[in-house]
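Undergrad: Please read through the structure below; I'll follow up with questions.
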Amino acid sequence: ANFTALPAPKQLALVASSRVLAGVTGAGLAWAAFLSRPAGLLEMFPNMEQALLMDLCPFPGVHDTTPHRAYGGLSMVAGIRHACTVGHPSGPLAVFSSGWANADVVVDVVTLADVMSELVHAVCTGEM
């Protein structure tokens with residue numbers, strides 16, 4: 001859903017009736033706190049320089065490995081699963097000094113589908 005086109009009460013209703021939220025890192029992922037439980041969050045980052053990668057998403061695709069960074073911390077506090085992915089190397093390289101948070105995210109669709117499938121499975125079965 002395009003959340004920018006929906007009023008906040010409808011956004012909340014949509015999230016509250018969902019168990020998995022996926023999106024590019026940013027304020028919109030804070031809605032994850034209102035997901036139905038059990039729940040999962042897939043956070044996507046742009047292709048980024050190594051220093052940022054190690055700080056924000058050191059183990060792409062591995063669940064619950066960033067408890068103190070980005071939305072991994074919110075996920076831990078809210079009791080939901082968290083996974084992150086990093087943009088495809090063919091995309092622009094995001095660097096800290098150039099405002100990485102505004103960089104485009106180019107994804108490998110197969111990798112994204114695999115990570116999402118694993119996250120949905122973990123949410124539905126309670127397995128990691």
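The values are calculated or read from the model by the stated rules, or taken from the named source; none is laboratory data. Computed from a predicted structure; not experimentally measured. Positions of Cβ are generated from backbone atoms using ideal geometry, with glycine treated the same way; all protein chains shown enter the neighbour counts. Protein only, heavy atoms only, side chains kept; ligands, DNA and RNA dropped before computing areas. Shrake-Rupley method; radii C 1.70, N 1.55, O 1.52, S 1.80 Å.
Undergrad: Would you check which residues across segment 1-26 are aliphatic (A, V, I, L, M) and touching a strand residue (DSSP E or B) at 6+ places or on another chain (Cβ under 6 Å) and list them?
TA: VAL20, LEU21, ALA22, VAL24
Undergrad: Same structure, new question: Are there any pairs, at least 6 apart or on different chains, whose C-beta atoms fall under 9 Å, with the first in segment 97-118 and at pLDDT below 70 and the second β-branched (Val, Ile, Thr), and if so, which?
TA: If the second residue must be β-branched (Val, Ile, Thr), the pairs left are ALA101/THR25.
Undergrad: Follow-up. In this structure, is GLY91 open to solvent by less than 30 Å² (accessible area, probe 1.4 Å), more than 30 Å from GLY126 (Cα to Cα) and either modelled with pLDDT of 80 or more or of a type outside the set (Lys, Arg) (or both)?
TA: Working: open to solvent by less than 30 Å² (accessible area, probe 1.4 Å): yes; more than 30 Å from GLY126 (Cα to Cα): yes; either modelled with pLDDT of 80 or more or of a type outside the set (Lys, Arg) (or both): yes.
Yes; evaluated as a whole, the condition is true for this residue.
Undergrad: Also, quick follow-up: Restricting to segment 7-45, and then to whatever is in contact (Cβ under 8 Å) with a residue 60 or more places away in the chain and part of a loop (DSSP other than H, G, I, E, B), can you tell me which residue is farthest from LEU112 (Cα to Cα)?
TA: Looking at the filtered set, the residue picked out is PRO38.
Undergrad: How many residues, within segment 22-58, are modelled with pLDDT of 90 or more, open to solvent by 30 Å² or more (accessible area, probe 1.4 Å) and within 12 Å of TYR71 (Cβ to Cβ)?
TA: The total comes to 4.
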